[in-house]
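**Q** One structure, pasted below without further comment.
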Amino acid sequence: MSAIQQPSGATPFSQPVFAGVVPPMSSGALNQSGRAQFGQAAISAMSMKWSALHNAAGVIAALAGLAAEPMSLPVRNFPALIRDSGGWRREVAEQGVDDLSVILEAGIAALLAVHARGVDARPAAEALWQEYLSARGALLALVPDGEGALRRSY
């Protein structure tokens, strides 16, 4: 006698191997935008992108002849605060960070090309710096009022 009993009339291949063991994927696996929900991994990716944006801003500041700003607590805690906000704010923030990354990447490439030719890149770098500050301000404004900027979420 076999250790695994098959129902009468069933063949070994008539039912999926994991039927009843693994729950079916719920509709909650994808949010309204069709993006997969990865929980802590998603916020870690957001934190890395946010940090990379500020590193890129440092390059822009240097090309503009400005001192890079130190990262304040509200700026540093933005990924955790926006994660806790959730919903449309989080979706808009994720898209905004992606958009700003593309803008800065193209802008820095152009600034470096101009600088490599010996042309003064400061005016263009200053303009990109102002665009960065404006876009970052708009992203920070997505955090609802009352969300503590000093709170650290791990």
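**Q** Which residues, counting only those in segment 82-119, are open to solvent by less than 50 Å² (accessible area, probe 1.4 Å), more than 12 Å from the chain's Cα centre (by Cα) and within 19 Å of LEU133 (Cα to Cα)?
**A** LEU104, GLY107, ILE108, LEU111
**Q** TYR132 passes all but one of (1) touching a Lys or Arg at 6+ places or on another chain (Cβ under 9 Å); (2) hydroxyl-bearing (Ser, Thr, Tyr); (3) buried (at least 16 other Cβ atoms within 10 Å of the Cβ); which number fails?
**A** All conditions pass for TYR132, except number (1).
**Q** Limited to segment 78-112, what total is found for residues that are within 15 Å of MET46 (Cα to Cα) and touching a residue at least 40 places away in the same chain (Cβ under 8 Å)?
**A** Qualifying residue count, segment 78-112: 17.
**Q** I need every pair where a residue in segment 43-55 that is under 12 Å from ALA93 (Cα atoms) has its Cβ under 6 Å from the Cβ of a residue that is open to solvent by less than 60 Å² (accessible area, probe 1.4 Å) and of a type in the set (A, V, I, L, M, F, W, C), sequence separation at least 6 or different chains.
**A** LYS49/VAL97
**Q** As an exercise: evaluate LEU66 against (1) open to solvent by 70 Å² or more (accessible area, probe 1.4 Å); (2) free of Cβ contacts under 8 Å to residues at least 60 places away in the same chain and give the number of the one condition it does not meet.
**A** All conditions pass for LEU66, except number (2).
The values are calculated or read from the model by the stated rules, or taken from the named source; none is laboratory data. As the structure is a computational prediction, the values presented were derived from the model and not from experiment. FYI the Cβ positions are ideal-geometry reconstructions off the backbone, even for glycines, and counts take in every protein chain you see. Areas reflect the complete protein model, heavy atoms only, side chains present, ligands, DNA and RNA absent. Shrake-Rupley method; radii C 1.70, N 1.55, O 1.52, S 1.80 Å.
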